[in-house]
Amino acid sequence: MRQLTILTMSAALLLSAAIFGFFYAWVCSTMWGLDAADPRVAIEAMQAMNASVRNATFAPAFFGTPFALWIAAALLWRLKSKTSAWLFAGAGVTYFCLGMMLTMTINVPMNQALALVEVPASTQEAQVIWDDYSGPWQFWNQTRTVTSGIAFLLALAGVFQFRMSVSAR
């Protein structure tokens, strides 16, 4: 049981780090790059990226993270490592509500609306469309980035707490 718990905690931590890193990359490079580009190119590039992100490589980190965290929490609970269990459970709730659900209720609808936009020939018209999209999208992306980072840190604290509790026995 202990081996399975450690394996599950490791998987949950890895998935948490992966999704945090994914959101973080949008903050510190992708969106800044698109904001600096011709707005027509930015719209087309964002449309292409949004269409390509729905794939089997992305899905485990995006959809699997809260469940891996909750499974780790349940296994930790069974091992009577209750503080670690609470930390992993809290990480799961944090990511589920403020990472995954936020994405599905805010960022995805924004992406779907942008997907329907026909890129105008006019740079000025494209700039208005891009500005209306990019600012709000980045605000919500930064929110899910910070909260995903918090979820990762909660899970990491759960690992350290588990290690300390095992050492104390």
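The values are calculated or read from the model by the stated rules, or taken from the named source; none is laboratory data. None of these values were measured; they are calculated from a predicted model. Cβ placement follows ideal geometry from the backbone for every residue including glycine, while neighbour counts extend to all protein chains displayed.
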Fill in the blank from the handout: Phe162 passes all but one of the listed conditions (1) aromatic (Phe, Trp, Tyr); (2) under 23 Å from the mean Cα position of the chain (by Cα); (3) surrounded by 13 or more Cβ atoms within 10 Å (Cβ to Cβ); the exception is number (2)
Completion exercise
Residue pairs within 9 Å by beta carbon, gap of at least six or interchain, first lying in region 108-130 and under 23 Å from Phe23 (Cα atoms), second at pLDDT 95 or above and of a type in the set (D, E, K, R), listed first then second, are Trp130/Asp35; Trp130/Arg40
Handout entry: From Phe139, Phe62, residue being loosely packed, with under 15 Cβ neighbours inside 10 Å and closer than 28 Å to Leu34 by Cα
Key = Phe139
Exercise for the section: Please go through region 20-52 and pick out each residue that is without any contact (Cβ under 8 Å) to a residue 40 or more places away in the chain and either within 17 Å of Asp131 (Cβ to Cβ) or part of a loop (DSSP other than H, G, I, E, B) (or both). Expected result: Thr30, Trp32, Gly33, Ala36, Ala37, Val41, Ala45
Fill in the blank from the handout: The lone condition Gln47 fails out of (1) buried (at least 16 other Cβ atoms within 10 Å of the Cβ); (2) in contact with a Ser or Thr (Cβ under 6 Å, 6 or more places away or on another chain) is (2)
Handout entry: Residue that is nearest to Ala12 (Cα to Cα), among those in region 146-157 that are surrounded by fewer than 22 Cβ atoms within 10 Å (Cβ to Cβ) and not aliphatic (A, V, I, L, M)
Key = Gly149
Exercise for the section: Return yes or no: is Thr8 among the polar types (S, T, N, Q) and in a helix (DSSP H, G or I)? Expected result: yes
Completion exercise
In region 78-92, residues that are assigned to a helix (DSSP H, G or I) and buried (at least 16 other Cβ atoms within 10 Å of the Cβ) total 9
Fill in the blank from the handout: (1) over 23 Å from Leu153 (Cα atoms); (2) polar (S, T, N, Q); (3) part of a helix (DSSP H, G or I); (4) without any contact (Cβ under 8 Å) to a residue 60 or more places away in the chain all hold for Asn55 apart from (3)
Completion exercise
Scanning region 1-18 for residues that are surrounded by fewer than 18 Cβ atoms within 10 Å (Cβ to Cβ), over 21 Å from the mean Cα position of the chain (by Cα) and not aliphatic (A, V, I, L, M) gives Arg2, Gln3
Fill in the blank from the handout: In region 19-36, residues that are exposed (fewer than 14 other Cβ atoms within 10 Å of the Cβ) and not aromatic (Phe, Trp, Tyr) total 5
Problem - Yes/no for Leu75 being more than 25 Å from Ser29 (Cα to Cα), surrounded by 15 or more Cβ atoms within 10 Å (Cβ to Cβ) and touching a Ser or Thr at 6+ places or on another chain (Cβ under 6 Å) - result: yes
Handout entry: Count of residues meeting criterion [assigned to a helix (DSSP H, G or I) and free of Cβ contacts under 8 Å to residues at least 60 places away in the same chain] in region 58-72
Key = 9
